[in-house]
Amino acid sequence: MKADIILYNGKINTLDKENQIANAVAIKDDKFIAVGTDKEVMDFADNKTKLVDLHQKTVIPGINDSHTHLIRGGLNYNLELRWDGVPSLADALRMLKEQVDRTPNPQWVRVVGGWTEQQFAEKRMPTLEEINAIAPDTPVFILHLYDRAFLNAAALRAVGYDKNTPNPPGGEIQKDASGNPTGLILATPNATILYATLGKGPKLTFEESLNSTRHFMRELNRFGITSVIDSGGGSQNYPDDYKVIETLRDEDELTVRIAYNLFTQKPKEEYQDFQGWIDSVKLFQGDDKYRHNGAGEMLVYSAADFEDFLQPRPDLPDTMEEELEKVVKLLVTNRWPFRLHATYNESINRFLNVFEKVNKEVPFDGLHWIFDHAETITEQNIERVKALGGGIAIQHRMAFQGEYFSDRYGKEATEHTPPVKKMLEMGVPVAGGTDATRVASYNPWIGLYWLTAGKTVGGQRIYSDSTVLDRQTALELYTKGGSWFSNEQGKKGEIKVGQLGDLVVLDRDYFNVQEDQIKDIEADLTVVGGKIVYAKGDFRNEAPPVLPILPDWSPTKSYNGYYPGSNNLELSSYNRNASDVNTAKARAMAQAQAQYIHACIGSCNVHGHNHNVARMSNIPVNNYTSFWGTLGCSCFSF
């Protein structure tokens, strides 16, 4: 057997405990057929084999994001100005102005998550005055985590919000003394108002959506992502909203492997949603590139506990147990794996009561099921998860909200949020993910930095040496750890003969760089099934053909993703070193001090309105989840 491609002269960490270090690999028909020394692997070459010299660079298995929203993110990527990784608010506002100037009427400029004020040198959010000054006529929508959205006056006119627009339960349309909307919308803590508002904006055409999704996958490849588990989302109904991704699958244009979960779309009709899918979708239908993976992360809307750590913990309604039990029993009876969004231990405790009750009637018996997030889960409940055969998918949300969590619950509680090390010690399956693109960035290296350095994107250390992970363990969570969560253990996540031929050549040595450089790591070369899907630097000549960007005014055309954007290949992000990064941060701080001396005094960071009493309360917010549907809950998404 001869290989389609051989990559040699590398420093390969295979994550295969029986053969951890190698120099070369051979891939044929989507799978590794040889892993070993250069001499051993070259025996699989003939005159048709493509040879790639790795130049002694560090190589790891492809990153597998166990919880993200690729399908939805792809449909919107070319519409969005990304502030992910932008070092200063001055830079962010400059980018906003540039995009406003090129965006035609009636299109919006939208910044939809992936950033936090803590990443900025100025340590604050934009003000409505700044946004309105930049964009008096073009609608602007800026989403910050699951906390708030900023709308300029043009956006308020576009969505039709005025003094007669009521506040939805669990949400606030902030109004001035005259009763007119200011442009600030708060999730308190129900995020539906944020997504209902975003859902009023213009959409891409089908052809533009195809293009947008391809560019988003390329952006994920930039960071070494080769596989994801898509956790569904509001306004992402199967099969209608999967036509773009399935068209790309049919045309063999997927550059990321996708296992997808189905997310209920109808509050109070969740059982009917899942029964309909069970009748029409064959479990695990598809192939290694695109396949069904079960149900969730939304199973019933009454079980949704919001993770806005600027707000008090929500209390779930009394109807939750009965509604959840009915759906879980249906799924277990039909052997459908499922996952459930679960932030707080108080919610998890109630969910487990339901699962244990169902298990007595319809045994789980090895069925894979997952809690997503689990920031405040206790050791007792980890043990209950293990007893039922479940797993826990963790994401780097604390890298974006760690400061807020610490302010509300204290440093001691923060140090064990989530208790990843304890989960691993207790033998529960654990995998890493991003929960991109709204509540956090799609860059998995932020997650690896957070787990190993114990720091937020703002640089605050929230974990001690006793709770951080070593780099090898953290990497395993973002590679082979995810395979259990898509029922593909032994098929992906290691560089091993017989496994899928996915790997990443890194632009720096993850195992030896200074910890603050981990978050700056990118791929120099990304390979999926033996096919090169992304290349730069020493491998630039191997890069796939350049893909045009649609529409012509798209922010992707100017910035293309995580700062400073993959359009700036050789100029900045791809050859930057520690001194370059420090220089950029110093410049950003100087700009901040020179241009933005105004400091907002209220915790809303806009007009000085003091919400601290409500925010810092530990009293649960009752029954906000009963709101689903009032403003078009299909726009809600985790």
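One table, with the values for the structure above:
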read-out: Which of Met217, Met42 is most accessible, then next, and so on - probe 1.4 Å; value: Met42, Met217
read-out: Loop-resident sites, segment 1-103, for trypsin sites (Lys or Arg not before Pro), counting at most 10 other Cβ within 10 Å (DSSP); value: Lys17, Lys48
read-out: Sequence ranges 157-163, 147-153, ranked by mean other-Cβ count within 10 angstrom, highest first; value: 147-153, 157-163
read-out: Gained length - Asn353 relative to Ser558, 0.36 nm times residue gap less alpha-carbon distance; value: 68.7 nm
read-out: Cα→Cβ-extended label distance, 7 Å offset, between Ser178 and Thr378, nm; value: 5.3
read-out: ³J(HN,Hα), Karplus 6.51/-1.76/1.60, whole Hz, each residue of segment 504-514, x for Gly, Pro; value: 9, 9, 8, 7, 7, 7, 3, 6, 10, 5, 4
read-out: Taking the chain and dividing mean pair separation by its residue count, relative contact order in percent (alpha carbons under 8 Å, at least six apart); value: 21
read-out: Solution diffusion estimate, µm²/s, Stokes-Einstein, the chain, Kirkwood Rh from C-alpha pairs, 4 °C, viscosity 1.567 mPa s; value: 52
read-out: Among 445-457, 195-207, the order from most to least packed when residues are scored by Cβ within 10 Å on average; value: 445-457, 195-207
read-out: Cα-only radius of gyration and Dmax that characterise segment 302-376, units Å; value: 12.6, 40
read-out: Residues of segment 508-546 with amide N under 18 Å of the 7 Å Cα→Cβ point at Leu51; value: 539, 541-542
read-out: Segment Asp162-Asp470, length gained on full extension (0.36 nm per residue, minus Cα span); value: 105.6 nm
read-out: For segment 172-324, with +1 on Lys and Arg beta carbons and -1 on Asp and Glu, the positive-most of Pro189, Val281, Ser212 along the dipole; value: Ser212
read-out: Length released on extending from Tyr409 to Asp29, taking residue separation times 0.36 nm less the Cα-Cα span; value: 131.6 nm
read-out: Packing-based order for 435-443, 134-142, 308-316, 255-263, using average beta carbon neighbours within 10 Å, highest first; value: 435-443, 255-263, 308-316, 134-142
read-out: Rough spin-label spacing in nm, given labels placed 7 Å along Cα→Cβ, for Asn105 and Leu283; value: 5.6
read-out: Per residue Cα convex hull volume in Å³ - calculated over segment 1-152; value: 191
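The values are calculated or read from the model by the stated rules, or taken from the named source; none is laboratory data. Not measured: the values here are computed from a predicted model. Quick reminder, even Gly has a Cβ in these numbers, built from the backbone with ideal geometry, and neighbours come from all protein chains shown. The area values use the complete protein model at the heavy-atom level, side chains included, leaving out ligands, DNA and RNA. Shrake-Rupley method; radii C 1.70, N 1.55, O 1.52, S 1.80 Å.
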